[in-house]
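Following: one structure in structure tokens, then a few remarks.
Here, each number is a calculation from the coordinates, and none is a lab measurement. Predicted model, so just to flag it, every value in this text is computed and none were measured. Here the Cβ positions follow ideal geometry from the backbone for every residue, glycine too, while neighbour counts run over all protein chains shown.
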Amino acid sequence: MTKQRLVVVGAGMASGRVLEHLTDAAPDAFDITLFNAEPRGNYNRIMLSPVLARDQTYEEIVTHDDDWYGARDVTCRFGERVVSIDRTAKVVEGENGPVSYDKLILATGSNPFMIPMPGHDLDGVIAYRDLEDTQQMMAMGPDNRVVVIGGGLLGLEAAAGMAARGVDVTVVHIMGHLMERQLDPAAGYLLKKSLEEKGITVLLEAQSSEIVGEDGHARALMLADGTELPCDLLVMAVGIRPNVALAQEAGLAVGKGIHVDDQMLTSDADVFAVGECVEHDGALFGLVAPLYDQAKVLAQTLLGEDAAFKQRSLSTKLKVTGCDLFSAGDFAEGDGREDIVFRDPARGVYKRLVLENDRLIGAVMYGDTADSNWFFGLIRDGEDVSDMRETLIFGPAYQGGAAVDPLSAVAALPPEAEICGCNGICKSTIVEAIEDGAGDLGAVRAATKASASCGTCTGLVEQLLQVTLGDEFQMPAAQPICGCCDLTHEDVRRLIKSQELKSQEAVWQELGWKTRNGCHVCRPAVNYYLLADWPLEYKDDPQSRFVNERKHANIQKDGTFSVVPRMWGGITNPAELRAIADAAEKYDVPTVKVTGGQRIDLLGVKGADLPHIWSDLNKAGLVSGHAYSKGLRTVKTCVGTDHCRFGTQDSTGLGIKLEQVLWGSWTPHKLKLAVSGCPRNCAEATCKDIGVVCVDSGFQISIGGAAGMDVKETELLVQVPTEAEAIEVVMAVTQAYREGGKYLDRLYKWMTKVGLDWIKGAVVDDLENRRALVERFEISQSVYRKDPWAEQAKEAPRFAPLADLTLEAAE
Amino acid sequence: MNWIDIGHIDDIPLRGARVVKTPLGCIALFRTGEAEVFAASDTCPHKGGPLSEGIVHGQSVTCPLHNWVFDLNSGQVQGADEGQIATYPVQLDGERILLDGTALARRSAA
């Protein structure tokens, strides 16, 4: 079989891919001649920006080198322009001579558009298209000034690349925001801000009028408003036009580009076209994905296979050196369209989803594009999103876990994707650590710090371990709360907030509980999370509490209870003591004991007597000491300046104030405080959940102590000068623990997870956040700062047996 | 059968329990649903914990002392532990709770 003669005009990314497909599938089918006007073969043009930014070298972005062409017997005529095509004779006329073809592929690409303003033909005015342009930009350094006309992707890449080399760069853009075709104004604003932080000057709505030259070389750009921008180099990156000149002269059908059908065939049965030079069904193509689709279709067509090019909806995931951008679909505003917008100003994150008829039709993201593939899938598939509308913007992780395979999502993340926000660790750093031998979560934490702070990215890190190590990694099963559900405490907490679940029924339903109404493990946890997150909306459910918290007394091993009245700051008086003594006698309390929390415990009270003993104690002004609760227990104090010759502050007074502010509040686990009047620390404040040690200059607040199964010394949170501020900090840290702690984690365990630094950031450094925490604590306390004994005492009949059948049976 | 009216359904909190004193000792009445009541021994066979003080979930109760879980249909302990509590016939007549007196008598006779 004689080989067909195939001539290819243009060695770009599209034709390179065609040649790969052809020579792989049928190495001997074609005798190939490849023309290229640039004096080189195929390279990855979209990687010119990393070359400019010095992240890569030209050699690294070459996709096909001499050996490749040699091995496939491709005759290369690089640096030679094609002068004309004679379609009748089927001959291509190159500068150095003709070559005949059986089949011809035009892959002439596109030309940068140069605004025909005065001075556009001066030296030092370039486009950003090929290696020569790139090299001119690379010649610029810190002493140079460059003006870039065009605030689209290409112009910004050029600007960012040169700015990274220290060049003084100004971007001139005619529109009101950058990249107006891919971004909406809000994302454009963030992009501008981020470029300005890199030292780039950005001028918007700026109309260029003239390039001023000196000795035939560009010297400055004049704007219509008279501003003069001096420059050593002027880069015009305002768009590209399909390069159709050769096709037009050859008499092929040409519109904006060379007309092709679904098989990439032009109006001539032996001439094909591919890439940026074509027009298919009215559309032009600039992104690489459709070009590769075209290349595949063209190769298949040449090999006699059935193939058809279909336009796909496009997403743009862009990287303007250091800024994460994503846009897809249609994000213009319009009738019947709804926006969902998420903004995190602190992290510079902006996300906007556009919905129409319950379907996602557009998305713009800036700063955090981790879920972009998922959103793009929703747009492409036209999926009905009404069921997940509430949490849609938070991405697939918030959709109850069924939506996507998290592993593929993690595998699809780019290397620079930030995994650990606390420590700023990106995917590639973690993968490198894993490849260097960090084989489990602990090792990755030790090597990179990823997930070593707040821990919310632990799942992602584990997935990276799994993706990187494959079967070698044993995924520790995420521990669900209990057998009733598949979700961890952390997931449930997050979903209660994000999905605004305000009842236990809502939690069971929306989060897929497998049991009718939970069990003794999950119900108390869910009850706590609901009352902590929705203090006003959710009503505490006693039936979801352990008996002690339902009975407001501690059950003892014989089924009797212990009763501990509150003694504020450990201070009592004869009247209270008398009331306690009377109650002990009246209800035959077998044991009266002084507790470690500076109060008195009445042990052995019968269940049915509880409301009555409470009622008696209430009459003397005594209230519940919550000695039974996952909540504030006591504030232990020493006598401080009242009596002690060493006391530096009124520690007793502060202890009482703290107890009066905090009492009644529910927390993930019990919460014990102490205030010592001097560093001799007689109140043992440094082994409490929150301890205050008074010093001459103020109050040292330390947290995370324990003296139970674990013994821990507190760590210093902050020293504050005034009592008022000390109270505020204690309230704020309590609320932060209430909002973030896992149920049954003592404060020190929560602290281990989020890190002392994080807590400092939340309650010490960020005063606004501290105030917000205090405010939320007060809202919750408006419900819970009251005596449960007084309320329970009214329900006395409930503590008695429902019926007594002993008498009837005896009849 | 000798159904004894022992109270109104709302005398027992939903997912809660109340105790009835009988010649056999304390029997706990568990309200597992709006109109679903079980009767069983109030005493955990493990360490004598008062089951009426436990958390009621599904058709089970968890002992407040050491978290033994009992199926209220059979009285069987669930999971790794071993044991069973007595269960008693109980029914709802509208909103009234009826306990079978003969069952209590039979047990006491046995």
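Worth pointing out:
- Share of pairwise Cα separations in region A:1-52, more than 13 Å, in percent: 62 percent
- Charge dipole (debye, nearest 20) of chain A; +1 at Cβ of Lys and Arg, -1 at Cβ of Asp and Glu: 3660 debye
- Taking 17 Å as the cut-off, the amide N atoms of region A:242-283 that come nearer than this to a point 7 Å along the Cα-to-beta-carbon line of A:E95 belong to A:246.
- When Rg and the Kirkwood radius Rh are both evaluated on Cα atoms of region A:428-565, their ratio Rg/Rh stands at 1.12.
- Residue range of chain A that is longest and free of chymotrypsin sites (Phe, Trp or Tyr not before Pro) which are both DSSP loop and sparsely packed (at most 14 other C-beta within 10 Å): A:114-645
- With 30 Å as the limit, the listed pairs A:K753/B:K47; A:K539/B:K47; A:K449/A:K760 have A:K753/B:K47; A:K539/B:K47 beyond it between alpha carbons.
- At the listed q of 0.13, 0.19 Å⁻¹, the Debye profile of region A:666-811, built from one uniform point per Cα, gives log10 I(q)/I(0) equal to -0.63, -1.13.
- For region A:27-85, the spread of Cα coordinates along the three principal axes comes to 39, 28, 14 Å, biggest extent given first.
- For a straight C-alpha distance cut-off of 12 angstrom, the aspartates and glutamates reachable from A:K351 (same-chain residues fewer than eight places away being disregarded) are A:D184, A:D324, A:D339, A:D368, A:D371.
- Region B:20-58: trypsin sites (Lys or Arg not before Pro) falling in loop per DSSP and having at most 15 other Cβ within 10 Å: B:K47
- Convex hull volume per residue in cubic angstrom - Cα atoms of region A:708-753: 86 Å³
- Here the spin labels are modelled as points 7 Å beyond Cα on the Cα-Cβ line, and at A:E249 and B:Q78 they lie 8.4 nm apart.
- For A:K3, the aspartates and glutamates whose Cα falls under 16 Å of its own Cα, not counting residues fewer than eight places away in the same chain, are A:D24, A:D28, A:D31, A:D73, A:D102, A:D270.
- With kT/(6 pi eta Rh) evaluated at 10 °C and eta = 1.306 mPa s, and Rh the Kirkwood radius from Cα pairs, region A:592-728 diffuses with a coefficient of 101 µm²/s according to Stokes-Einstein.
- Inter-label distance, nm, simple model (7 Å from Cα along the C-beta direction), A:N111/A:R81: 0.9 nm
- For GluC sites (Glu not before Pro), the sites in region A:123-205 that DSSP calls loop and that have at most 14 other Cβ atoms within 10 Å are A:E205.
- Fully extended contour minus Cα-Cα distance, from A:H120 to A:A283, at 0.36 nm per residue: 55.8 nm
- Cα-based Rg / Dmax (Å) for region A:351-390: 9.7, 28
- Calculated mean residue ellipticity, 222 nm, chain A: -9000 deg cm²/dmol, from DSSP H runs (n ≥ 4) at -39500 (n - 2.57) each, averaged per residue and rounded to 500.
- Counted over region A:656-714, the DSSP beta bridges are approximately 65% antiparallel.
- Across region A:227-386, Cα-Cα pairs more than 25 Å apart make up 51 percent of the total.
- Take the Cα of B:H66, step 7 Å toward its Cβ, do the same at A:R5, and the gap between the two points is 9.5 nm.
- If R0 is 41 Å, the Cβ-Cβ spacing of A:A790 and B:E34 corresponds to a FRET efficiency of close to 0.90.
- Stokes-Einstein, applied to the Kirkwood radius of region A:4-152 over Cα pairs at a viscosity of 1.567 mPa s and 4 °C, places its translational diffusion at 75 µm² s⁻¹.
- Value of Rg to Rh for the protein assembly as shown, rounded to two decimals, is 1.13; Kirkwood radius and Rg both from alpha-carbon coordinates.
- Stretching A:K557 away from A:D143 to a fully extended chain increases their span by 140.8 nm, per 0.36 nm per residue minus the current alpha-carbon distance.
- Lysines with Cα under 25 Å of A:K310, excluding same-chain neighbours fewer than 8 positions away: A:K103, A:K256, A:K296
- Three-way shape call for region A:67-164 based on the alpha-carbon gyration tensor, with the a/c threshold at 1.5: prolate
- Of the trypsin sites (Lys or Arg not before Pro) found in region A:628-670, those in coil by DSSP whose Cβ has at most 13 other Cβ atoms within 10 Å are A:R645.
- Sites A:T722 and A:L767, calculated FRET efficiency, Cβ-Cβ separation with R0 22 Å, nearest 0.05: 0.95
- DSSP beta bridge pairing in the protein assembly as shown, given as percent antiparallel to the nearest 5: 70 percent
- Shape of chain B, Cα gyration tensor, a/c cut at 1.5: oblate
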